[in-house]
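J.: Below is a structure I'd like to ask you about.
The values are calculated or read from the model by the stated rules, or taken from the named source; none is laboratory data. As the structure is a computational prediction, the values presented were derived from the model and not from experiment. Virtual Cβ from ideal backbone geometry, glycine too; neighbours counted across all protein chains shown.
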Amino acid sequence: MKSIIVPVDFSEQSEYALKAAAKLAKANDAELFVLHMLELSPSLMSESGFVAQEQVVHLIKIGEERFSEFLDKPYLKGLKVVPIIKHYKVFQELDEVAQKHGADLIVMGSHGTDGLQEIFIGSNTERVVRTSTVPVLGIKGDIEKFTVDQFVFACDFKEENIKSLKRALEIADMLDVKLHLVYINTPDDFLSTEDANHRISKFLNLAQLGMEVEIYNDYTVEKGILNYSETMGADLIGIPTHGRRGLTHFFMGSIGEDVANHSNIPVVTFKI
């Protein structure tokens with residue numbers, strides 16, 4: 001792992017993510033790019049005249065000072081930390097920054113969402129998951145010692161997920177942990193043991209991987225992933241996501257985003 005991107009907004013959640021990212025960076029001798037978006041109004045930025053320019057400069061200076069104070073943390077000592085300030089809160093821009101710096105991972109703090117808030121608003125982490133081509137690790141809460149001993153990866157073992165699994169294997173290799181693969185069998189999309197094993201075997205042959213996969217039965221895929229991970233004592237859940245947006249997401253949903261929103265265990269998503 002060479003570089004990690006951490007977007008921060010000075011909230012408790014973003015500091016939790018920064019702490020977790022710092023631990024990963026120290027363990028892997030990685031560079032830490034910490035990104036803050038000032039959220040300046042586009043209308044203010046496009047205004048002409050001395051007053052508007054003065055306001056923009058003033059706001060940028062305040063943001064830079066606060067950013068500098070935020071990064072003055074003992075757990076960042078000894079790390080190579082590169083602060084980056086952007087003027088707008090555009091989530092696609094985060095992926096551009098990650099691509100530019102060759103980031104292996106984006107680490108974000110997340111509140112998670114539920115109910116109508118999830119349908120109409122979503123979380124910032126969810127928005128990033130939808131646009132990022134780089135794996136996104138969501139952190140909820142202050143994890144005292146962020147270490148990964150048990151890493152679970154769940155998917156439906158269709159060919160489109162081969163790339164995601166291989167990226168998960170790269171992350172597992174960086175963390176020096178074994179990856180546990182699971183297929184969730186549900187009443188709505190039930191497969192016999194023979195059919196499930198046939199699908200899994202075909203998938204692993206195409207991926208040219210020799211790995212064991214556990215079949216776990218539950219009422220929904222999301223519940224199955226969360227329940228299996230709890231049973232395994234997982235420290236990290238990996239899952240692919242289509243990154244669906246708008247009405248497509250409303251009607252079809254995205255298991256990856258739902259698990260990322262509702263899991264108390266850190267979740268890393270891989271864009272299909």
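J.: Can you tell me which condition D218 does not meet? The list is (1) surrounded by fewer than 17 Cβ atoms within 10 Å (Cβ to Cβ); (2) at pLDDT below 95, and all the others hold.
T.: Every listed condition holds for D218 apart from (2).
J.: OK, next. Note down all Cβ pairs under 7 Å where the first residue falls in the range 147-160 and is farther than 19 Å from P135 by Cβ, the second is buried (at least 24 other Cβ atoms within 10 Å of the Cβ) and not small (G, A, S), and they're at least six residues apart or on different chains.
T.: none
J.: Could you check M232 against (1) surrounded by 12 or more Cβ atoms within 10 Å (Cβ to Cβ); (2) more than 23 Å from V148 (Cβ to Cβ); (3) touching a residue at least 12 places away in the same chain (Cβ under 8 Å); (4) of a type outside the set (S, T, Y) and say which number it fails?
T.: The number of the failed condition is (2).
J.: Sticking with this structure for a sec: Here is a list of conditions, (1) crowded, with 16+ Cβ neighbours inside 10 Å; (2) in contact with a Ser or Thr (Cβ under 9 Å, 6 or more places away or on another chain); (3) at pLDDT 90 or above, and T125 meets all of them except one; can you say which number that is?
T.: In the conditions (1) crowded, with 16+ Cβ neighbours inside 10 Å; (2) in contact with a Ser or Thr (Cβ under 9 Å, 6 or more places away or on another chain); (3) at pLDDT 90 or above, T125 misses (3) alone.
J.: Based on this model, can you work out whether V177 counts as modelled with pLDDT of 90 or more, part of a loop (DSSP other than H, G, I, E, B) and in contact with a Phe, Trp or Tyr (Cβ under 9 Å, 6 or more places away or on another chain)?
T.: Spelling it out, V177 is indeed modelled with pLDDT of 90 or more, part of a loop (DSSP other than H, G, I, E, B) and in contact with a Phe, Trp or Tyr (Cβ under 9 Å, 6 or more places away or on another chain).
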